[in-house]
Structures are given as C-alpha cells and as structure tokens.
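Enquirer: Structure below; questions to follow.
The values are calculated or read from the model by the stated rules, or taken from the named source; none is laboratory data. This structure is a prediction, so every number in the text was calculated from the model and none was measured. Heads up, the Cβs are rebuilt from the backbone with ideal geometry, glycines too, and the neighbour counts pull from every protein chain shown. Heads up: the accessible areas ignore ligands, DNA and RNA and are worked out on the full protein's heavy atoms, side chains in. Shrake-Rupley method; radii C 1.70, N 1.55, O 1.52, S 1.80 Å.
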Amino acid sequence: GIQVEQSPPDLILQEGANSTLRCNFSDSVNNLQWFHQNPWGQLINLFYIPSGTKQNGRLSATTVATERYSLLYISSSQTTDSGVYFCAADTRSSNTGKLIFGQGTTLQVKP
Amino acid sequence: NAGVTQTPKFQVLKTGQSMTLQCAQDMNHNSMYWYRQDPGMGLRLIYYSASEGTTDKGEVPNGYNVSRLNKREFSLRLESAAPSQTSVYFCASSEMGGNQPQHFGDGTRLSIL
C-alpha cells in the first residue's frame, strides 16, 4: 500500500517565525489532506489538497502530485499553532477515502 | 451544528469485557470512518462505511465489529477487549466518495486493564 512520510518529526520555533512541513507519498494520490491535532487531542482538517495550492490565513499548502510530495507552510507562527501536523493520503486507484496517515510533525511554538 | 459526536469520551474496561463506541454526525455525510491512534503515532483506519448499508475493513480490523445503524450513526464494538486495544478512537465523516475532506470527532480514550 501507499507509504506516507513526514519531515521533520519535530520542530521548535520562536513566535513569529515561518516554517515548512513536508509530506512525501509513494504512489499517485487522488486525496491528500493536512490535519492539525491540538494539545487537547482534537483533529482539525486544514486542507484537502490532492494537487495545486491553497491558502487559509497564515497557512498555505502545495501538492505537486507528479513528484509525490506536499508542503504545508506556516507563516508568522503563533503559540496556538503548537501541536501535531499530519498529512494523510488515499491512492488514485482506491478512491474510497481510506486515508493512510504519516507519523506527524510535532510543532512547538515558543512565546 | 455539532459536527461529529462521539460517546463516551473516556472509558476503562477490564480484559474480556465488551464495549460499543458510538458516533453520530449531523452534516448529512454519506461516508463514515473509525480510526485508532496509539501514542506517538498517526491514525490507522479500523473500518469504514462508504454509504448507509455498507461497511468494509481498513488496516487494523481484527478484534472489532461495526454497525452502520443509519445515515447518521456508525458504531464500533469490541466484543472481548484486550490490553492491545488501549488507544484513542476517532470517528470521522465525509461526503460521498474518496475525494472529500474528512471531519473528525473529539475521540474516545479507551483503557483496557
């Protein structure tokens, strides 16, 4: 099945800094999503982005499907951005929504 | 608009006991999913239901059963709980098909002694 790898595994930032999180996947995808798990354990869907670029406030994401990677950009980070960021993918041949999750990037933003 | 609601939020069981985790969504979504999250790991799919009346296995289905009761509700049952099933369980839903964002409930923290 598809493999999803995220980097870096851990990231520490000072408030106001920018960061880039990477997600590599081993097969063609028709479904690529980014989630934020906050310190209380809640999972929030940030982006559904199988290809192209999307922006939502200080966050943006780009997926280059032909090269099998996706990037999540966080600009002007805030302490509330802390938590774990997951990407998850479903293969083009599957089309069932059966997401395979990466191991996550743990982000700590210090005031 | 509550989104995806899971009950209970916390539960402690003894080995061998049975338990049903409940999930309901009010977004009129067709597809529903059950995941488990173990410490320091990403989520793994247990079972999913593409639409009312259908269910299918995910990555880690052993030891679990599911019921899609109606369009709103999707329950997960542990028939004979084992310590290896200690985890946080998440339910999610999406509109029909694979090409849709998934929305998650707040999770059920389950400990099996």
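Enquirer: Within the stretch A:23-47, count every residue that is open to solvent by 20 Å² or more (accessible area, probe 1.4 Å), within 13 Å of A:ALA65 (Cα to Cα) and free of Cβ contacts under 8 Å to residues at least 60 places away in the same chain.
Expert: 2
Enquirer: Does B:GLY3 satisfy the condition of being within 12 Å of chain A (Cβ to nearest Cβ), among the small types (Gly, Ala, Ser) and either open to solvent by 70 Å² or more (accessible area, probe 1.4 Å) or under 14 Å from the mean Cα position of the chain (by Cα) (or both)?
Expert: no
Enquirer: Additional query: Residue check, B:GLU73 against (1) more than 12 Å from chain A (Cβ to nearest Cβ); (2) surrounded by fewer than 14 Cβ atoms within 10 Å (Cβ to Cβ); (3) of a type outside the set (A, V, I, L, M, F, W, C), all met but one. Which one?
Expert: Of everything listed in (1) more than 12 Å from chain A (Cβ to nearest Cβ); (2) surrounded by fewer than 14 Cβ atoms within 10 Å (Cβ to Cβ); (3) of a type outside the set (A, V, I, L, M, F, W, C), B:GLU73 misses just condition (2).
Enquirer: I'm checking my understanding of the structure. Among residues of the stretch A:1-22 that are part of a strand (DSSP E or B), of a type in the set (S, T, N, Q) and over 23 Å from B:TRP34 (Cβ atoms), which one is most open to solvent (accessible area, probe 1.4 Å)?
Expert: Selected residue: A:GLN14.
Enquirer: Tell me which residues, restricted to the stretch A:64-83, are under 10 Å from the mean Cα position of the chain (by Cα) and surrounded by 21 or more Cβ atoms within 10 Å (Cβ to Cβ).
Expert: Result: A:SER70, A:LEU72.
Enquirer: Hey, another quick one. Quick one: would you say A:THR96 is polar (S, T, N, Q), at negative phi, in a strand (DSSP E or B) and without any contact (Cβ under 8 Å) to a residue 60 or more places away in the chain?
Expert: No; evaluated as a whole, the condition is false for this residue.
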